[in-house]
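The values are calculated or read from the model by the stated rules, or taken from the named source; none is laboratory data. What you see is a predicted model; the values in this text were computed from it and never measured. So basically every Cβ, Gly included, is an ideal-geometry build from the backbone, and we count neighbours across all protein chains shown.
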Amino acid sequence: MFSDTDKSRLIEAMRRTGTTRLEVECGGEVLTLGVALDAPVMAAAPVEKAAQIAVKSPALGRFVACGADDGLAAVLDGDHISAGQVLGYVELDGARVQVTAPKCGVLIGDGPRQGQTIGYGDPLFKMEADT
């Protein structure tokens, strides 16, 4: 569920903020990390860059944000998302096509504006895929 890159980033953030214990739940799995702050800081292994993926529009129409009227939570920059999670919709003449995440990962930047005209294959979201 969590890659070594994710774990390294979390531990690094814990050290920067003085956090000694962190528990993260995602997809029914729990990751618990602990850091001794008085321990000497070791040089971190190089962090490999995660692959960036563009989530493209499956249809032509107007963008409808997830959470606008579907009862789901809106997705925001920095959110960790699951493969198949609904990110929004493309609507034309009352028919909606779901925009879903192709892989697990983290959203980078904001998606399209509510009501924005979208073309087939247009990039809607950018995400960093889990390794």
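Table for the structure above
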| quantity | calculated |
| --- | --- |
| Pairs with Cβ under 8 Å, 6+ apart, first in region 1-14 and outside any helix (DSSP H, G or I), second of a type outside the set (S, T, N, Q) and modelled with pLDDT under 75 | Met1/Cys26; Met1/Gly27; Met1/Glu29; Phe2/Cys26; Ser3/Ala50 |
| Wholly within region 87-131, strands (runs of 3 or more DSSP E) carrying at least 3 residues that are over 19 Å from Leu72 (Cα atoms) | 123-129 |
| Residue, surrounded by the most Cβ atoms within 10 Å (Cβ to Cβ), within region 63-82, restricted to residues that are over 16 Å from Gln52 (Cβ atoms) and among the small types (Gly, Ala, Ser) | Ala65 |
| Test: Gly111 is modelled with pLDDT under 95 and at positive phi | no |
| Checking Glu91 against (1) more than 22 Å from Asp6 (Cα to Cα); (2) exposed (fewer than 12 other Cβ atoms within 10 Å of the Cβ); (3) of a type in the set (Asp, Glu), the condition it does not meet | (2) |
